[in-house]
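J.: Could you have a look at this structure, given as structure tokens, before my questions?
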Amino acid sequence: MSHRFFELASGSVLTAVIGTALIAAAPAAAQSQSTALLPKEGAKTWTPPRTPDGKPDLSGVYTNASVIPLERPKDLGSKEFFTKEEADAYAAKTLARTEVIAPGTYGDVHYSMAQFGLEKGQSKVAPTVRTSLIVGPEGRVPPMLPAAQARAAARQAANKGHEFDGPENRGLAEQCILWGNEGPPMLPEGYNSNLQIVQGEGYVAIEQEMIHDVRIIPTDGRPHLPADVHQWLGDSRGHWEGNTLVVDTTNFSDKTAFRGSGTNLHVVERFTRTDADTVKYEFTVSDPTTWEKSWSGEVLMSKIDGPIFEYACTEGNYGMPNNLTGARAEEKKAAEKTASK
């Protein structure tokens, strides 16, 4: 039985374990990674079920957990696909690595992550022969433009020496404002890589378990927000192309800064249900002020038993006050040392 892990905002950290039926047992999870990696030749095209308004039904609870890195390891060069045997070996090596690094520990906290269902081997992982989530012969994020590098350097310089002045100086994830798994693009999280898709006439909603934000995506043909309105998750608009939901997102805030991006970030996502248990999620990212060219990726989402649980992430988590309290203590100590001279 798999479990979920939560951090609750209180004076201390409370870890709660809630049973859920993601997998029946670890061996079953391991088996799921060595089953058919690609559709069989001659297989009939699968027809997805329909919602009451006639649209392809994407609804359900999914995991996008993956053992494949976003960027292709440099030693693989332009090798975009493994053989089945290579893919099995790579998955086994990746899963074993989590146990070699810290068996039975997580950082400085000494408990078994397996008891919370957070070891990668306990998650349902969609089989794939890709060597990176980013597609194409390069398999890596394109180089940043000089102007984008300067922009990133300026941000770092402005915050240097002020990293612990207050919560606003900490990263968005630490402030529980935005995590990378929320997207767009929606990338796998380290654990609890679970999400739920709900459909209604004219809308599709996506809820992420980690940080529990919900993206509301209109599919009724309405235009994007005015260009001067910027949002953390951008402004998403969806439409259907055959059995594929296509989501176009613009109007990002410059504070989002996805991998150094600016307000010109543009993300196009494609959701295609390929069988009863799988949604193929494709994305293309572009920003002419950040990268030399656009880049694309693909993640397979596997259907799991729900429900989604709340990950109670707030600025009140112990890490934030501890960091700021420690900084004040260091400042006091430095001031006292100076005064004693």
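The values are calculated or read from the model by the stated rules, or taken from the named source; none is laboratory data. Source: prediction; values computed, not measured. When we count neighbours, we look across all protein chains shown, and the Cβ atoms used for this are built from the backbone with ideal geometry, even at glycine. Calculation scope for accessible area: heavy atoms of the full protein, side chains included, ligands and nucleic acids excluded. Shrake-Rupley method; radii C 1.70, N 1.55, O 1.52, S 1.80 Å.
J.: Has the stretch 152-169 got any residue that is in contact with a helix residue (DSSP H, G or I) (Cβ under 9 Å, 6 or more places away or on another chain) and closer than 30 Å to Ser78 by Cα?
T.: Within the stretch 152-169, one or more residues are in contact with a helix residue (DSSP H, G or I) (Cβ under 9 Å, 6 or more places away or on another chain) and closer than 30 Å to Ser78 by Cα.
J.: Pick from the stretch 166-181 the residues that are open to solvent by less than 30 Å² (accessible area, probe 1.4 Å) and in contact with a Leu (Cβ under 9 Å, 6 or more places away or on another chain): which of them is nearest to Glu207 (Cα to Cα)?
T.: Checked the stretch 166-181; the qualifying residue nearest to Glu207 (Cα to Cα) is Asn181.
J.: Here are Ala154, Ala173, Ala148: which of them is more than 25 Å from the chain's Cα centre (by Cα) and of a type in the set (A, V, I, L, M)?
T.: Ala154
J.: Name the pairs whose Cβ atoms lie under 9 Å apart, with the first residue in the stretch 285-308 and closer than 21 Å to Pro137 by Cα, the second of a type in the set (Asp, Glu) and open to solvent by 10 Å² or more (accessible area, probe 1.4 Å), and 6 or more positions between them or separate chains?
T.: Trp295/Glu138; Ser296/Glu282; Gly297/Glu282; Glu298/Glu282; Val299/Glu282
J.: Right, here's the next one. Mind listing just one residue for me: the one in the stretch 127-165 that is of a type in the set (S, T, N, Q) and open to solvent by 50 Å² or more (accessible area, probe 1.4 Å) and, of those, modelled with the highest pLDDT?
T.: Top of the filtered list is Gln149.
J.: Checking Asp277 against (1) free of Cβ contacts under 8 Å to residues at least 60 places away in the same chain; (2) of a type in the set (Asp, Glu); (3) open to solvent by less than 30 Å² (accessible area, probe 1.4 Å): exactly one of these is not met. Which one?
T.: Condition not satisfied by Asp277: (3).
J.: While we're here: Which number in (1) assigned to a helix (DSSP H, G or I); (2) at pLDDT 90 or above marks the one condition that Ala96 misses?
T.: (2)
J.: Of all residues in the stretch 257-273, which are open to solvent by less than 60 Å² (accessible area, probe 1.4 Å) and either assigned to a helix (DSSP H, G or I) or closer than 22 Å to Asn194 by Cα (or both)?
T.: Residues satisfying the conditions are Phe258, Gly260, Val267, Val268, Glu269, Phe271, Thr272, Arg273.
J.: Just one of Arg222, Arg155 is basic (Lys, Arg) and part of a helix (DSSP H, G or I); which is it?
T.: It is Arg155.
J.: Val285: farther than 27 Å from Arg151 by Cα, assigned to a strand (DSSP E or B) and of a type outside the set (Phe, Trp, Tyr), yes or no?
T.: Taking the combined requirement at face value, the residue does not satisfy it.
J.: Testing Asn192 on (1) outside any helix (DSSP H, G or I); (2) surrounded by fewer than 16 Cβ atoms within 10 Å (Cβ to Cβ), one condition comes back false. Which one is that?
T.: Single failed check for Asn192: (2).
J.: Could I ask something else about it? What number of residues in the stretch 294-341 are closer than 27 Å to Glu189 by Cβ, open to solvent by 50 Å² or more (accessible area, probe 1.4 Å) and in a loop (DSSP other than H, G, I, E, B)?
T.: Here the count works out to 7.
J.: Looking at the stretch 225-237, which of the residues that are in a loop (DSSP other than H, G, I, E, B) and without any contact (Cβ under 8 Å) to a residue 24 or more places away in the chain is most open to solvent (accessible area, probe 1.4 Å)? Spell out the reasoning first.
T.: Filtering the stretch 225-237 down to residues in a loop (DSSP other than H, G, I, E, B) leaves 225-230, 232-234.
In the following step, the residues that additionally are without any contact (Cβ under 8 Å) to a residue 24 or more places away in the chain were identified as 226, 228-229.
Numbers: Pro226: 78, Asp228: 121, Val229: 54 Å².
Here the residue is Asp228.
J.: Only one of (1) surrounded by 14 or more Cβ atoms within 10 Å (Cβ to Cβ); (2) assigned to a strand (DSSP E or B); (3) not aromatic (Phe, Trp, Tyr) is not met by Ile216, so which one is it?
T.: Failing condition for Ile216: (1).
J.: Any residue in the stretch 238-252 that is open to solvent by 30 Å² or more (accessible area, probe 1.4 Å), touching a Ser or Thr at 6+ places or on another chain (Cβ under 9 Å), in a loop (DSSP other than H, G, I, E, B) and more than 23 Å from Asn159 (Cα to Cα)?
T.: Looking through the stretch 238-252, at least one residue is open to solvent by 30 Å² or more (accessible area, probe 1.4 Å), touching a Ser or Thr at 6+ places or on another chain (Cβ under 9 Å), in a loop (DSSP other than H, G, I, E, B) and more than 23 Å from Asn159 (Cα to Cα).
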